[in-house]
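Asker: Provided herewith is a single structure, encoded as structure tokens, for subsequent inquiry.
The values are calculated or read from the model by the stated rules, or taken from the named source; none is laboratory data. None of these values were measured; they are calculated from a predicted model. Only protein heavy atoms, including side chains, enter the accessible area calculation; ligands, DNA and RNA are left aside. Shrake-Rupley method; radii C 1.70, N 1.55, O 1.52, S 1.80 Å.
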Amino acid sequence: MTAPLHDTTAEAAPTAPADPAESGATKVEGRSLKQIAWSRLRQDKVALAGGVFVLFLTLVAVFAPLIVNLLGHPPNEFHQDELDPLTNLPQGAWGGVSSEFLFGVEPNKGRDVFSRIVYGARISLLVAFLAAVVAMVLGTLFGVIAGYFGGWVDALISRTMDVLLSFPQLLFIISLVSVLPDDLLGLTGSGVRIAVLVLVIGFFGWPYVGRIVRGQTLSLREREYVEAARSLGGGRRHILFRELLPNLVAPILVYATLMIPTNILTEAALSFLGAGVRPPTASWGGMLRDALETYEHDPMFMVFPGVTIFVTVLAFNLFGDGLRDALDPKGAR
């Protein structure tokens with residue numbers, strides 16, 4: 001009689017679960033929304049290039065005096081010896097470009113074009129950034145109020161936005177600047193013009209932001225976490241500042257980056273029309289206006305400020321598009 005088969009499975013000792021550290025398994029860690037957005041933004045090389053140029057231009061505007069001292073001449077210093085005595089045009093090719101004058105000299109006056117481009121970046125970015133801040137603050141405030149409270153409050157704010165959007169902004173600024181005094185609230189000369197440009201551009205720009213914030217608020221106020229906060233006794237202030245505003249940061253930030261290039265173009269257009277900063281303060285739009293007299297004989301004086309405006313606006317738009325994709329990947333393109 002044969003012996004029964006030995007059951008090895010029944011006698012086998014239970015095996016302990018493998019240690020993740022010993023098996024070499026990687027530990028999965030959660031990522032915050034900021035980390036996810038930065039990961040998406042890093043993959044967009046075009047947007048990063050635009051962001052790098054924006055950062056570079058900001059540093060140029062901040063350190064303009066140091067850069068001009070190292071590479072140029074004072075922006076309002078005349079160099080008549082660099083001009084042809086008969087035509088008052090720059091001597092040499094390409095508008096007088098040389099190792100001493102990197103972008104050449106200005107016709108008729110002989111001022112350093114490079115220095116005026118650098119100082120013009122200060123005016124353009126200052127007006128664009130401050131006007132964007134004014135528009136963001138007003139647009140966020142009124143947009144949240146309209147979207148959260150609704151009713152007659154929403155109707156009143158929405159109709160006000162419609163009126164401002166239909167108002168001729170450029171004509172209003174031109175007419176306002178023409179009647180302003182030279183001294184206003186302690187400001188003089190170009191300071192008055194800059195303050196007016198910032199306030200007027202920001203005031204007429206907030207309805208664009210207000211519409212976006214209002215629409216987002218209408219959607220967010222019906223979310224579960226808002227209802228939960230309301231059921232737990234959260235007041236209006238808590239819901240507005242702790243629940244709604246943190247979730248509105250992304251669209252506000254994206255729209256701010258897209259509004260700044262528009263403000264740069266607006267400031268350049270106003271300076272071109274003579275309603276911007278007062279001469280001899282350097283401005284890209286003012287340089288284009290001055291170049292109209294001599295562009296047939298010296299086109300380089302128009303090329304440098306024109307290319308600077310084009311590249312700056314393009315960089316802001318590319319960075320803004322990339323930031324929008326990083327923060328809102330589901331948005332339609």
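Asker: Translational diffusion coefficient, Stokes-Einstein: compute it for segment 69-189 using the Kirkwood radius over C-alpha pairs as Rh, at 20 °C and 1.002 mPa s, and state it as an integer in µm² s⁻¹.
Answerer: Once the numbers are plugged in, D ends up at 114 µm²/s.
Asker: Something else about it: How much of the accessible area of segment 109-257, in percent, comes from carbon and sulfur atoms when a 1.4 Å probe is used?
Answerer: So the carbon and sulfur contribution to the accessible surface is 67 percent.
Asker: Measure out, as a whole number of angstrom, how far apart the alpha-carbon centroids of segment 89-110 and segment 193-216 sit.
Answerer: Result: 40 Å between the Cα centres.
Asker: How many Å³ per residue does the convex hull of the Cα positions in segment 219-288 occupy?
Answerer: Residue-normalised Cα hull volume stands at 118 Å³.
Asker: Any idea of the accessible area per residue across the chain, 1.4 Å probe, to the nearest Å²?
Answerer: Normalised by residue count, the accessible surface of the chain is 58 Å².
Asker: Right, next: Tell me, what is the Rg over Rh of segment 59-130, with Rh the Kirkwood radius over Cα pairs?
Answerer: 1.04
Asker: How big is D for segment 180-333, in µm² s⁻¹ as a whole number, if Stokes-Einstein is applied with the Kirkwood radius of its Cα pairs at 10 °C and 1.306 mPa s?
Answerer: 85
Asker: Please work out the Cα convex hull volume for segment 179-270 and give it in Å³ per residue.
Answerer: Enclosed volume per residue, from the Cα hull, is 125 Å³.
Asker: Pick from T160, T266, T312: which is most flexible by mean-square fluctuation in a GNM of the chain where alpha carbon atoms under 10 Å apart are linked?
Answerer: T160
Asker: Same structure, new question: Could you tell me the largest-minus-smallest coordinate of the C-alpha atoms of segment 260-318 on each of the three principal axes, in descending order and whole angstroms?
Answerer: So the three principal-axis extents are 34, 23, 15 Å.
Asker: How large is the Kirkwood hydrodynamic radius of the chain, counting all unique pairs of alpha carbons, in Å?
Answerer: Final number for the Kirkwood radius of the chain is 24.0 Å.
Asker: Choose one answer from V254, V163, V97: the residue with the largest mean-square fluctuation in a GNM of the chain with alpha-carbon springs under 10 Å.
Answerer: Most flexible of the set in this elastic network: V163.
Asker: Could you check which residue among S158, S124, S219 shows the biggest mean-square fluctuation in a GNM of the chain with a 10 Å Cα cutoff?
Answerer: S219
Asker: What are the radius of gyration and Dmax of segment 94-136, computed over its Cα atoms and given in Å?
Answerer: 14.6, 43
Asker: Hey, can you list the DSSP H helices of the chain whose Cα span along the axis is 20 Å or longer and whose average Kyte-Doolittle score is at least 0.0?
Answerer: Span-like helices in the chain: 45-62, 113-149, 151-165, 190-220, 245-272, 300-327.
Asker: Let me ask something else. More than 14 angstrom separation, counting every C-alpha pair in segment 127-168; what % is that?
Answerer: 54
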